[in-house]
Structures are given as structure tokens and as C-alpha cells.
């Protein structure tokens, strides 16, 4: 299992962006295919892009979006992502409930995922409690 | 923008991401371009503990437009590439791989689903934005009327000419008929006065994506300012589309409408139902005001049933023995002859009867029982009464119950 790399001492300037806001809501996230339904996710599922060695964003500590987790609010977007991007067909999906103390989110719609959100956790590097809910 | 996978010589140098279609913790479906201008469509197909695996497909400008507009599916883009297909990996701790692969060897679980197509704005047509229509109307100091058509079998900014001709004619005829009512010149038949036809005429200004948006405006001709009649009539049409979502409100709205306009609205709803279209209509006024109404397929079907229920110009014709002279499932056209009277009927087939029609034999020796809805309608520019027929049911005579 991959270990979580050290969290930088500070986020980039003006990060999170001012239009990110606190919410109380549930979101979906693609996680490792090694999980089963009902499993809790683990730290490896919550490695930020700047710290994920296999990510294109690896090492980009100055880029604010590389400090945010991708989430989807709409289950339909999970199906769209899976039909268009084969990588996601093998992934499991976890549900995470975010409360205002857990950071801020920003709606960042994609061509293929209108419900895409970026989540800057509080504290940075937080590994939240989340459960695998979808095959 | 982020860096791309470590590219070897196969993908060229200076590879940069140009357009991302889906990003989840980093781009997973995107277009990249190398220093020589060669573009690649890239899609993440797999990963391991240490690397993400992408397929890179070289694409020409024309091919990219076709992929972005949905003309070519993502799967087709990979299985029938214009050039060599490449496998590439990202991963700081992984051995970088960039290698050419045979498109016929790509495993099915590495291919997008057959139905997966993009539908994003391409350079062929600008993407429609409602707010932009309001701003444009204000800057051009004229009204703009946009009609967005969503048809499940249409994935691109293209539309069959016969269907588009019928739809545009329906819209113009409704606007003319409503304008005649607004001018207190409504008649059931006969021509509409020329000045009303002129002042309520619409012009096609532009086509936009997606999937198919027409921007119309009152015809200016040699006038310097637009006449208000077309805009007011388009506004009434928006109100009708709004009302169609509620049965009682729609009945009340249509009950105030005179015979000609009623028939024209019914023609419009028939076309929407026949072609399985959802419609969004937007009216932007020069002061920047924007009105919108949407009508999905369910609302259109319910609206048409109400219009048929209360129509005063319809007659149902039940033919016990008829011969099918011609039928075209694609164009939904039919022609049949009543064996008892020799009278011929031709027109459109209603969606429910299309399945019944499929596979039926034409010509003598095959006798069918049919139900036809006969409707009178009235042209705007002549006193002719037009009779239209819609085939509602057709069965073999021996099977008819």
C-alpha cells in the first residue's frame, strides 16, 4: 500500500480559491478496485495529486488544484466517466460526507462531469471517513 | 497546465495538454499537442500501483472536430486511427513506456463503451449560451429568438433537411397565426393580411451547437427598426410552451386561441412528437430581458393529446378494408386506398402506428384495417383549406379487432 507523503507546510498563495465554500453534503469518489462494498477507504485513496507519484500533477506543489481531491456529486456522472474513460470502469466508488469543518469545495464542472467538485480538506492531507458504496 | 506523460520520440517532443474533457485527480481524457503541431487524443485505460496507462491516438484537425462533435465515437477513434496508436504511461517511480500498438489488439476493457461520444463545442459552430443571447440582443438592439432542438438520434450540429423545413414552417406559421389574432384579424381560413405576414416574418440569423440551435430574428428587410409583431407573437409561443407542462393551464391557454392558430400549434406539436424532439425556446429582447420555456418529449406528447381532444377540425376515419400503396418508415410517410370508396389517403404515420406499419406488404392482395385522423388546416397566404391525414392504427383486416 502506498504511504501518504508529507504535507507541505503551506498551501499556495490564494489557495483554496475565494469562491470555494464550506458545505454539508455527500459526494462520490473513484477509489481503489481492491476494496469491496462496505469497506472503509484508506489513506491511499486520498493521496493528493501533487503527492501522487503516478499522477501528471505529481510534484506540482505550487498549483492550487493539485492540492484538491476530485469528487462527483451526481451518480450519473460516474456512469459517464466509466463509459468514456476505461480506467474508471475498474474503480470502485466511495461515498464521503463532508461537513463545514472538513474544508471547502468548489464546483468545477467538466465536459464529461458536470457535477465535478474540487475539495481542499481541512486540515490539508486529511484522510476522511468514507465508505465504498458502488462496484 | 500540467505535464504530460514522459513522451519518447514516438509522440514527439514538447507534448503539452491543449484541451481536457475529463479530469479526476488529473487529466484522464484530453487532447495533447507536440512541438510540430501533431495532436493526440489521450485516454486513461488502466493503472497499476505506480503508473497510469494511456492510449494516445494521433488526430488531424478534421478528425478531432469529428470526435469532439460526436460524429466519431471514442471507440472508433481508437480502433480506426489515422496513424499509429501509442501506449504511454505516467508515473514518477515507474519505467516510462511509449510504444506503438496494433489497434486490433486493444482489449475490449481498454476501449470506451461503443455509445461513448463527446458532444463539445467545435470550431464549426459556436456553442449556444442563453445569457449570451440576452447580451447579443441588447448589443444589436433587436429581438432574438433561439430554438434549441434535442433529438436522441442527433449527436451533432446537423439536422435532416425535411424535418428542419417542417419545423421552421411550423414555427413561422404559428407566429403568423398568433400575430393575426393579436391584430384582431384572426380568421379560420383565407389569407392573412400582407402587412401581418410581413411584420411577423422571422429570419434565420445563425446556427449554433449543441446539439442544434437556430437563432432567429424578426425580418428587418429594408426597415431600420424591427416591428414588434413578430417578437410579441414569439413571446406568446413561449407562453404556450410554458403552459404545456401543466394540463389545466394548457387547456385554458389553448381555449383562448382561434381556429387557425390552434391548428398551427397542433401542427407544431405533431412535428415535435413525430420527430421525438425536446425543445427549448429563448426570447431575448433588446433591453436584455430573456424568457425561456422548455418542452420535453413527455410534455409534447401530452400537449398533443390535449390538442387532439379539443380540436374542432378533426375527423376520425375508420377504414375497414384498405390497400397500402406506399409506406416509408424513415420519413414516416404513408399512402393507402379505401377499397370501398376508392378514396386515397396520404400523410404522416403517428409514432404508435410506426411499429404496426413495419413489414406490412404493399399492393393488391393485402388488405388492412386502418384508422386515420383527418385534419383541416389553413394556409397563411391563401384561402386554400389544407387537409392532412395521420395514420393512427393499421392492422391486417383478418386480425383487426
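If I model a spin label at residue A:21 and residue B:48 as a point 7 Å from the Cα along the Cα→Cβ vector, what separation in nanometres do I get?
That separation, rounded to one decimal, is 4.5 nm.
Just check chain B against the gyration tensor rule for me: Cα atoms, a ≥ b ≥ c as the square roots of the eigenvalues, rounded for a/c under 1.5, and otherwise prolate or oblate depending on whether a/b exceeds b/c.
oblate
With a cut-off of 8 Å between alpha carbons and a minimum separation of six or more residues, what is the relative contact order of chain B in percent?
12 percent
First check a/c for chain A, with a ≥ b ≥ c the square roots of the eigenvalues of its C-alpha gyration tensor; if it is under 1.5, answer rounded, and if not, answer prolate when a/b is larger than b/c or oblate otherwise.
rounded
Stretched out fully, how many nm does the piece from residue B:60 to residue B:194 gain, at 0.36 nm a residue minus the Cα gap?
Working it through step by step, the gained length comes to 43.1 nm.
Calculate the mean, over all residues of peptide A:45-58, of how many other protein chain Cβ atoms lie within 10 angstrom of the residue's Cβ.
5
Using helices alone, what [θ] at 222 nm do you get for the protein assembly as shown, with -39,500 (n - 2.57) per DSSP H run of 4 or more residues, divided over all residues and rounded to the nearest 500?
-7000 deg cm²/dmol
Taking every residue in B:101-109, how many Cβ atoms of other protein chains lie within 10 Å of its Cβ, on average?
For this peptide, the per-residue mean of nearby foreign Cβ atoms is 1.
Relative to the longest principal Cα axis of chain A, at what angle does helix A:75-84 sit, 0 to 90 degrees, rounded to 10?
The angle comes out near 80 degrees.
Classify the protein assembly as shown: rounded, prolate or oblate, from the alpha-carbon gyration tensor (a ≥ b ≥ c, eigenvalue square roots; a/c under 1.5 rounded; otherwise prolate if a/b is larger than b/c)?
Prolate, because a/c is 1.5 or more and a/b exceeds b/c.
Antiparallel versus total DSSP beta bridges in chain B: what percent is that, nearest 5?
95 percent
For residue B:361 paired with residue B:206, estimate the spin-label separation in nm (one decimal), with each label point 7 Å from Cα along the Cα-to-Cβ line.
5.6 nm
Rounding to the nearest 10 and keeping the result within 0 to 90°, find how far the Cα-based axis of helix B:297-310 lies from the longest principal axis of chain B.
Taking the Cα atoms of chain B, the angle to B:297-310 is about 0 degrees.
On C-alpha positions alone, give me the angle between the axis of helix B:228-243 and the longest principal axis of chain B, in degrees, nearest 10.
80 degrees
Run the numbers for residue B:255 and residue B:321: contour at 0.36 nm per residue of separation, minus the present Cα-Cα distance, in nm.
Once the chain is fully extended between residue B:255 and residue B:321, it gains 20.1 nm.
Read the figures in this text as sums done on the coordinates, not as results from a lab. Keep in mind it's a predicted model, so treat the numbers as computed, not measured. Please note: Cβ atoms are built from the backbone with ideal geometry, for glycine as well, and neighbour counts cover all protein chains shown.
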